[in-house]
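A.B. asks: Quick one: the structure is below, questions incoming.
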Amino acid sequence: MAEFSGWLLDLYEGQQSGVVLWFVTREAGRVRLYQDFPVTFYISGAEKELKKAGIFLQSHFPFIKVIFTSRKDLYSQNHIPVLAVETQPARIAALVRRISKQFPVLDYYDADIPVAIRYAAQFETFPLAYCRVTYEGEQLQAIEVLDSPWELDPPAPPLRILQIDLDCDPRYGKPELLTVHFDDKEHHIPIQYESSSLIRLNSILTNFDPDLLLTNSGDIWLLPHLLEMSKRTGIALNFNRDPNRPVMIKKEGSYFTYGRIVYRGQQALLFGRCHIDSRNAMLWQDYDLTSALEMARVTRLPIQTAARCSPGTGINMMEIITALKQGVLVPWQKTHGEEVKTAYELLRNDQGGLVYQPVKGIHENVGMIDFISLYPSIMTYCNISPELPIPKDLGNSPFPPGLIPITLKPLLEKRVAMKQHLLALPPDNPLKPYYQARASSLKMLLVCCFGYMGYKAAKFGRIESHEAISALGREALLRAKEAAEDMGFTVLHLYVDGIWVKKEDCSQPDDFLPLLNEIIERTSLPIALDCIYSWVAFLSSKQDSHMTVPNRYFGARQDGSTTVRGIEIRKHDTPAYITRMQEDLLGIFENASTAQELQDLLPRALALVLERYKNLRAGRVRLADLVVHKRMSKELSAYRVRSAAAIAAQQLKDIGQPIRLGQRVPLVYTIGHPGACAWHVHIPLDPRSVNYAYYCKLLVRAASAILQPLQMDEAALNTYLISDGIIQIPIELL
Amino acid sequence: MGRTIPSANQYLIQEQESFSRFRRALRRSDQLALDELFAAARKHAAALSYASHALPFEVALLSMLLEEHKEVMRLRQIVEALSQQQDG
């Protein structure tokens, strides 16, 4: 028997039996090993029916092992009689489909757990875990994990990364050149010479032998297109490291979540190396490879899956691992419904977080205090789990920790430790973005775990627990408000887990310390001073200028950074030209440290708006900067009134580029009929037809969102711009 | 996921819409005053929601009264300051 140490890169079902594992090592390169790994699923139900299922299984599938046993049910906390069915990982999905079709009334457990998750529960592994491996021939004999997913600074694997970029977005044009980056080298491969480009790619893949393949549109276009080319030319393309497997293409789809339709493109998955398409990676826009790898480590999902799945799926997998370790049944389809409630209970419990209307205007020296991961903290410290009684108040629970708190605790502790580590780093430390990205992916997981508890299909969800968490969250926030008011602070705003306060002569972190201690005393929950704003402007609603809206504000922090929420700059459907103007406006204001300094900067800001307005009105703008991206919220045929998005989607469909539900349609507003033109290389757009007047309106609206606290609302700004900057009348005189 | 009961803001919008015939028959100046009353109620939407009252319109009325009383207190302060100035 031999031994080596290395990092676990990939793990998947063997074609016939067991699992295939790939390791990255320093000495022995990349190693593939096989391991026997039978998996079990369970069936419960009426005894007679269960026996019938047992006989059916044994007679139809002689290669599987079937035994009657008992196993723990989470909700009843009792052991229930079950039929345990042991088979090979590659066969379990088909077997479950077959038996559940034959016996639909029975309940199935542990039936849809990915093999990597089962393996992780048994051997404590996770993607990129540093392990000591004992093997004989190609068979893995023993694996010892020397690392932990909760490690702040894990040993870095020597990963070989190959990146392929395209010269244009395949949704809007036809790419002609591939740029391949690896080992600080850059190769350009023209795609029209099919045979030679395939030969060059093959040579790079064979010689460099990458562990990670990073692409842009690799899922929807690049990999399928290259495989198609390979088929046409007869030149085999070795994307997979495992020569026995073809590239796996998973179909595209759209689904409804949090009140909107989301489009998920098709996926091209590899075996033995990992493919990440930055366009199809869930968190790529906000974070990067670091966060995708962190997500994989803590959720234990394979890297390719973790990069593409939602944080909800990640949390679900973590909960499943806890259940498997505790020998608790993992329901296939949840059967635990909502409990019966009185009307009053429903009225009282069916509420979200506490959200106030902030006090309108500009405020100086505002402390923003927030509970650290409020909902996960409540779940962990108050021990909220579907199998446990609902706690009535903040504080410790008399029961042993439940399944959810056990799952969340290390995640929460890692996030807090990482946040503290980040705070201790000097601002210019080059490692800061590395920790920032990882902390952000942990935050996404923690944020999702609360919502997932209330999700009807969550395996370990319970709506009553979900309601209890938000009830305790409201209680914590009210106690924080009371503490602040008792100590003489003015509460400007409350928003679910954060509180904005100010008090005369309080402008330094130490001035807020007694308040923080008081809140911790009253709530027993961790809290921190997020920042002190030199100034913050809470904006009024677009519909009603008398009202403020909870999440529409901007401000400058004492550390020099700015915060912006709810204005055009943060929205996806704002043209780049307008986003840039708002950024430049905020750039003018970010150096101001008082309200008076802000007021003094108004003439400069107005001059900037006037210049951008004049350029726009005269058409001195790049057309690409006027493109807006509208999401398709329903099928094209379902639009009764043709919106700009529907018009543009129809145009794209007509040229053979259909837009799927949840995808965004790029378009430019035009004058006359039909009012919009899809942005695509094959759809001509006459610059004279652009609706500049409408874009001017959007620009004024966006500028007024920022200038409104300085007494320049939309009407005042319009007067100023139309008069070419001569008439400047503040709001109150209009 | 999703809620069974409308949020406080949704409720207030529905309630305001249910008075649209009443509003239509008012003079324009009165319509504007009525809109301000509903805006006052919306300022306390968070408290209205937290109260979980079986008859939320009572809480909405109390919110309107609260804003009115705040205005009375503000005006009273100004009057007192002015009369002190005069006396001085």
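A.B. asks: Fewest to most neighbouring Cβ within 10 Å: what's the order for A:360, A:174? Walk me through the numbers on the way to the answer.
C.D. replies: Numbers: A:360 20, A:174 14.
With the fewest neighbours first, A:360, A:174 line up as A:174, A:360.
A.B. asks: Excluding same-chain residues fewer than 8 positions from residue A:185, which aspartates and glutamates have a Cα within less than 15 Å of its Cα?
C.D. replies: A:165, A:209
A.B. asks: Exposure proxy check: B:4, A:523, A:574 ranked by fewest other beta carbons within 10 Å?
C.D. replies: Details: B:4 11, A:523 24, A:574 19.
Lowest to highest Cβ neighbour count: B:4, A:574, A:523.
A.B. asks: At residue A:423 and residue A:563, where each label point lies 7 Å from the Cα along Cα→Cβ, what is the point-to-point distance in nanometres?
C.D. replies: My value for the distance between the label points is 1.5 nm.
A.B. asks: Shielding of A:353-365 by partners, i.e. mean partner chain Cβ atoms within 10 Å per residue? Walk me through the numbers on the way to the answer.
C.D. replies: On the way: counts 1, 4, 6, 5, 6, 0, 0, 0, 0, 0, 0, 0, 0.
What the average comes to for A:353-365 is 2.
A.B. asks: Between residue A:517 and residue A:624, what is the FRET efficiency for a Förster distance of 41 Å, r being their Cβ-Cβ separation, to the nearest 0.05? Working shown, then result.
C.D. replies: On the way: r = 53 Å, r/R0 = 1.29.
So the FRET efficiency works out to roughly 0.20.
A.B. asks: For Cα pairs less than 8 Å apart in space and 6+ apart in sequence, what is the mean separation divided by the residue count of chain A, i.e. the relative contact order in percent?
C.D. replies: On the way: 1320 pairs, mean separation 73.2, N = 734.
With pairs under 8 Å counted, the relative contact order is 10 percent.
A.B. asks: Calculate the mean, over all residues of peptide B:35-48, of how many other protein chain Cβ atoms lie within 10 angstrom of the residue's Cβ.
C.D. replies: Working: counts 2, 2, 0, 1, 5, 2, 0, 5, 5, 2, 5, 11, 2, 0.
Mean number of neighbouring Cβ atoms from other chains: 3.
A.B. asks: Roughly how large, in nm² to one decimal, is the mean projection of the convex hull of the alpha-carbon atoms in region A:1-153?
C.D. replies: Details: hull surface 43.9 nm².
If I average the Cα hull's projected area over directions, I get 11.0 nm².
A.B. asks: Evaluate the distance, in nm, between pseudo-label points positioned 7 Å from the Cα of residue A:326 and of residue A:27 along their respective Cα→Cβ axes.
C.D. replies: Computed distance between label sites residue A:326 and residue A:27 equals 4.2 nm.
A.B. asks: Taking the alpha-carbon centroid of each part, what is the distance from region A:667-714 to region A:114-166 in angstrom?
C.D. replies: Each part reduced to its Cα centre gives a spacing of 51 Å.
A.B. asks: Please compute the net charge surrounding residue A:625, taking Lys and Arg as +1 and Asp and Glu as -1 over other residues with Cβ under 12 Å from its Cβ. Walk me through the numbers before you get to the answer.
C.D. replies: On the way: positive: A:580, A:612, A:620, A:622; negative: none.
So the surrounding residues net to +4.
A.B. asks: Given the C-alpha centroids of region B:1-77 and region A:400-430, what is the distance between them in whole angstrom?
C.D. replies: Using only Cα atoms, the two centres lie 43 Å from each other.
A.B. asks: Take chain B, connect every pair of alpha-carbon atoms lying under 10 Å apart with a spring to form a Gaussian network, then pick out the residue of B:42, B:74, B:23 with the largest mean-square fluctuation.
C.D. replies: Residue with maximal mean-square fluctuation among B:42, B:74, B:23: B:74.
A.B. asks: What per residue convex hull volume, in Å³, comes out for region A:407-540 when only alpha-carbon positions are used? Please list the in-between numbers first.
C.D. replies: Details: hull volume 21.1 nm³, N = 134.
Hull volume normalised by residue count: 158 Å³.
A.B. asks: Now for a separate question. Net charge within 11 Å of residue A:708 by Cβ-Cβ distance, Lys/Arg positive one each and Asp/Glu negative one each, not counting residue A:708 itself? Mind showing how you got there, number by number?
C.D. replies: Numbers: positive: A:360, A:542, A:552, A:701; negative: A:713, A:714.
Neighbour charge sum, excluding residue A:708 itself: +2.
A.B. asks: Among A:271, A:554, which comes first, then next, by fewest other beta-carbon atoms within 10 Å?
C.D. replies: Numbers: A:271 21, A:554 26.
Ranking A:271, A:554 by Cβ neighbours within 10 Å, fewest first, gives A:271, A:554.
A.B. asks: Just add up the charged neighbours of residue A:499: K/R +1, D/E -1, any other residue whose Cβ is under 14 Å from the Cβ of residue A:499.
C.D. replies: Values: positive: A:474, A:479, A:481, A:502, A:503, A:522; negative: A:370, A:475, A:482, A:485, A:486, A:497, A:518, A:530.
Taking every Cβ under 14 Å from that of residue A:499, the sum is -2.
A.B. asks: Something else about it: Per residue, how much space in cubic angstrom lies within the convex hull of the C-alpha atoms of region A:390-442?
C.D. replies: Numbers: hull volume 5.5 nm³, N = 53.
For region A:390-442, the hull spanned by Cα atoms encloses 104 Å³ per residue.
A.B. asks: Can you compute the charge dipole magnitude of region A:248-404 about its Cα centre, using +1 on each Lys and Arg Cβ and -1 on each Asp and Glu Cβ, nothing else charged? Give it in debye, rounded to the nearest 20. Present the calculation step by step, with values, prior to reporting the outcome.
C.D. replies: On the way: 15 positive and 14 negative charges, 122 e Å.
Once rounded to the nearest 20, the dipole reads 580 debye.
A.B. asks: If N is the number of residues in chain A, what value comes out of its Cα radius of gyration divided by 2.2 N^0.38 Å?
C.D. replies: Numbers: Rg = 28.9 Å, N = 734, 2.2 N^0.38 = 27.0 Å.
The reported ratio for this selection is 1.07.
A.B. asks: Which log10 I(q)/I(0) values does region A:616-733 give at q = 0.11, 0.15, 0.17 Å⁻¹ under the Debye formula, counting every alpha carbon as one identical point scatterer?
C.D. replies: -0.48, -0.75, -0.87
A.B. asks: Connecting C-alpha atoms closer than 10 Å in a GNM of chain B, tell me which of B:39, B:60, B:51 has the biggest fluctuation.
C.D. replies: B:51
A.B. asks: For residue A:459, give me every one of the lysines with a C-alpha distance below 18 angstrom, ignoring sequence neighbours fewer than eight places off in its own chain.
C.D. replies: Once the sequence-local lysines are set aside, what remains near residue A:459 is A:72, A:325, A:334.
A.B. asks: Now for a different question. Using unit Cβ charges (K, R positive; D, E negative) and no other charged atoms, how large, in debye to the nearest 20, is the dipole of chain B about its Cα centre? Could the numbers behind the result be given before it?
C.D. replies: Values: 11 positive and 11 negative charges, 72 e Å.
My answer is approximately 340 debye.
A.B. asks: A follow-up question, please. Place a point 7 Å from the Cα of residue B:74 along the Cα-to-Cβ direction; which residues of region B:7-49 have their backbone N under 20 Å from it?
C.D. replies: B:30-47
A.B. asks: Right, next: Please work out the FRET efficiency for the pair residue A:139 and residue A:508, using the Cβ-Cβ distance as r and a Förster radius of 56 Å; give the result to the nearest 0.05. Could the numbers behind the result be given before it?
C.D. replies: Values: r = 64 Å, r/R0 = 1.14.
Given R0 = 56 Å and the Cβ-Cβ separation, E is 0.30.
A.B. asks: Would you calculate the convex hull of the Cα atoms in region A:566-682 and tell me its volume per residue in Å³?
C.D. replies: Working: hull volume 15.5 nm³, N = 117.
So the per-residue hull volume is 133 Å³.
A.B. asks: Using the structure shown, list the pairs from A:481/B:43; A:542/B:43; A:360/A:419 with a Cα-Cα distance above 25 Å, or answer none. Each step should come with its number before you reach the end.
C.D. replies: On the way: A:481/B:43 17 Å; A:542/B:43 15 Å; A:360/A:419 31 Å.
Violating the 25 Å limit, Cα to Cα: A:360/A:419.
A.B. asks: Express in whole angstrom the spacing between the alpha-carbon centres of region A:578-623 and region A:36-87.
C.D. replies: Here the answer is 68 Å between Cα centres.
A.B. asks: Let me ask something else about it. With +1 assigned to the C-beta of every Lys and Arg and -1 to the C-beta of every Asp and Glu, and no other charges, what is the dipole magnitude of chain A about the Cα centre in debye, to the nearest 20? All intermediate terms of the calculation are to be shown ahead of the outcome.
C.D. replies: On the way: 79 positive and 80 negative charges, 548 e Å.
Dipole magnitude for chain A comes out near 2640 debye.
A.B. asks: Give me the extension gain from residue A:642 to residue A:199: residue separation times 0.36 nm, minus the current Cα-Cα distance, reported in nm with one decimal.
C.D. replies: 154.7 nm
A.B. asks: Ranked from highest to lowest mean number of other Cβ atoms within 10 Å per residue, what is the order of the peptides A:190-203, A:37-50?
C.D. replies: On the way: A:190-203: 15.4, A:37-50: 17.0.
With the highest mean Cβ count within 10 Å placed first, the list reads A:37-50, A:190-203.
A.B. asks: Still on this structure, please answer the following. Considering the options A:401, A:41, B:39, tell which one lies farthest towards the positive end of the dipole of the protein assembly as shown, charges being +1 on Lys and Arg and -1 on Asp and Glu at the Cβ, about the Cα centre.
C.D. replies: With unit charges placed on the Cβ atoms, the residue in question is A:41.
A.B. asks: Mind putting together the pair-distance distribution for chain B? All Cα pairs, 5 Å bins, whole percent per bin, short to long.
C.D. replies: Cα pair-distance distribution for chain B, in percent: 3, 13, 18, 17, 15, 12, 8, 6, 4, 3, 1, 0, 0.
The numbers here are math on the coordinates, done by the rules we state, and not lab data. Please read these numbers as outputs of a predicted model, since none were measured by experiment. Counting neighbours? That spans all protein chains shown, and the Cβs are built from the backbone with ideal geometry, glycine included.
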